[in-house]
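Trainee: If you scroll down you'll find the structure; I have some questions about it.
The values are calculated or read from the model by the stated rules, or taken from the named source; none is laboratory data. These figures come from a predicted structure and were not determined experimentally. Cβ sites come from the backbone with ideal geometry, for glycine too, and all protein chains shown count toward neighbours.
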């Protein structure tokens, strides 16, 4: 008889943030960082993510070396940091460069697997060639600090789909530049699992984010992604099929779980984390 160990799961930043949401000002979690780490570790996660504003708050209070000590004491093996936008526009460097510097410092000190970057909210663009050189620049800077750059395509942003992002990665052509593949953004972009598998190379996948959603969009795409995500297996999407497709491509984890919803934010953080982990594990194929 053979047994398989449980997959390693990462609580992506919003999954453990409590009553905080993207584009809230500030985006800082109301949950103290030590309490947050204890909740993540005690509910069985292997790692976690932090957004820029939480990182800035942590640096200004306990400092990154002390935070690294808390992470190590909690036994958490994987760290992710996010999010950088506007990085392709040098005219906005006075705004985005300090954010990038903080993310680089955090990634280096905390041992982050990559720095997640995104693009401006709006209609997806057909020609993404202008992003290749800025991505090369970011990637070179990240590599000097021992980390990588991971772009997350979103259907309401300039880079609107995984196939388009994968083609951009081939143009960037640097091993330290890859993708965060979030299932919500895949099905809301209308990308099938067959199209996903045909467009991606395993080496391009730096991070994965699992979640679920209803068949129909509520509000705008951004409102739907921020307020109406469902726990894995609790919506209408094929979470198990997505996991199997990535396994077939050669992705072995760790697997991020990003739950964003009014319901999730209203729960005590430990209860929210336990529910997110248990429902995700139930979606993994048993063979």
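Trainee: Out of region 241-252, which residues are surrounded by fewer than 17 Cβ atoms within 10 Å (Cβ to Cβ), within 25 Å of residue 76 (Cα to Cα) and touching a residue at least 24 places away in the same chain (Cβ under 8 Å)?
Mentor: Result: 247, 250.
Trainee: Among what's in region 173-188 and is touching a residue at least 12 places away in the same chain (Cβ under 8 Å) and surrounded by fewer than 20 Cβ atoms within 10 Å (Cβ to Cβ), pick the residue that is nearest to the chain's Cα centre (by Cα).
Mentor: Going through the qualifying residues, I end up with 176.
Trainee: Of everything in region 104-118 that's over 19 Å from residue 37 (Cβ atoms) and buried (at least 22 other Cβ atoms within 10 Å of the Cβ), which residue is nearest to the chain's Cα centre (by Cα)?
Mentor: So the residue we want is 116.
Trainee: Now for a separate question. Looking at region 24-65, which of its residues are free of Cβ contacts under 8 Å to residues at least 60 places away in the same chain, out of contact with any strand residue (DSSP E or B) (no Cβ under 7 Å at 6 or more places or on another chain) and assigned to a loop (DSSP other than H, G, I, E, B)?
Mentor: 24, 25, 26, 28, 29, 30, 32, 61, 62, 63
Trainee: Take residues that are at pLDDT 95 or above and closer than 25 Å to residue 222 by Cα and tell me which of the helices (runs of 4 or more DSSP H) falling wholly in region 66-173 contain 2 or more.
Mentor: On the way: elements: 93-110, 132-144, 162-172.
It comes to 93-110, 162-172.
Trainee: Right, another one. For residue 207, which of the numbered conditions (1) closer than 20 Å to residue 188 by Cα; (2) outside any helix (DSSP H, G or I); (3) without any contact (Cβ under 8 Å) to a residue 40 or more places away in the chain fails to hold?
Mentor: (3)
Trainee: Quick check on region 3-19. Is at least one of its residues within 12 Å of residue 110 (Cβ to Cβ), free of Cβ contacts under 8 Å to residues at least 60 places away in the same chain and in a loop (DSSP other than H, G, I, E, B)?
Mentor: no
Trainee: Tally time: how many residues in region 253-270 are assigned to a loop (DSSP other than H, G, I, E, B) and either surrounded by fewer than 20 Cβ atoms within 10 Å (Cβ to Cβ) or in contact with a strand residue (DSSP E or B) (Cβ under 6 Å, 6 or more places away or on another chain) (or both)?
Mentor: 5
Trainee: In region 170-184, is there at least one residue being over 21 Å from residue 139 (Cβ atoms) and touching a helix residue (DSSP H, G or I) at 6+ places or on another chain (Cβ under 7 Å)? Spell out the reasoning first.
Mentor: Within region 170-184, the subset over 21 Å from residue 139 (Cβ atoms) is 183-184.
Still in the list and also touching a helix residue (DSSP H, G or I) at 6+ places or on another chain (Cβ under 7 Å): 183-184.
So far as region 170-184 goes, yes, one or more of its residues are over 21 Å from residue 139 (Cβ atoms) and touching a helix residue (DSSP H, G or I) at 6+ places or on another chain (Cβ under 7 Å).
Trainee: If you scan region 201-213, which residues turn out to be surrounded by fewer than 23 Cβ atoms within 10 Å (Cβ to Cβ) and out of contact with any strand residue (DSSP E or B) (no Cβ under 6 Å at 6 or more places or on another chain)?
Mentor: Answer for region 201-213, where residues must be surrounded by fewer than 23 Cβ atoms within 10 Å (Cβ to Cβ) and out of contact with any strand residue (DSSP E or B) (no Cβ under 6 Å at 6 or more places or on another chain): 201, 202, 203.
Residue by residue, here is whether (1) out of contact with any helix residue (DSSP H, G or I) (no Cβ under 7 Å at 6 or more places or on another chain); (2) at positive phi; (3) buried (at least 19 other Cβ atoms within 10 Å of the Cβ) holds:
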position	(1), (2), (3)
25	yes, no, no
36	no, no, yes
44	no, yes, no
62	yes, no, no
91	yes, no, no
97	yes, no, no
120	yes, no, no
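Trainee: Mind checking whether some residue in region 271-284 is farther than 19 Å from residue 6 by Cβ, surrounded by fewer than 18 Cβ atoms within 10 Å (Cβ to Cβ) and touching a helix residue (DSSP H, G or I) at 6+ places or on another chain (Cβ under 8 Å)?
Mentor: Within region 271-284 (the criterion being farther than 19 Å from residue 6 by Cβ, surrounded by fewer than 18 Cβ atoms within 10 Å (Cβ to Cβ) and touching a helix residue (DSSP H, G or I) at 6+ places or on another chain (Cβ under 8 Å)), the answer is no, since none of the residues qualifies.
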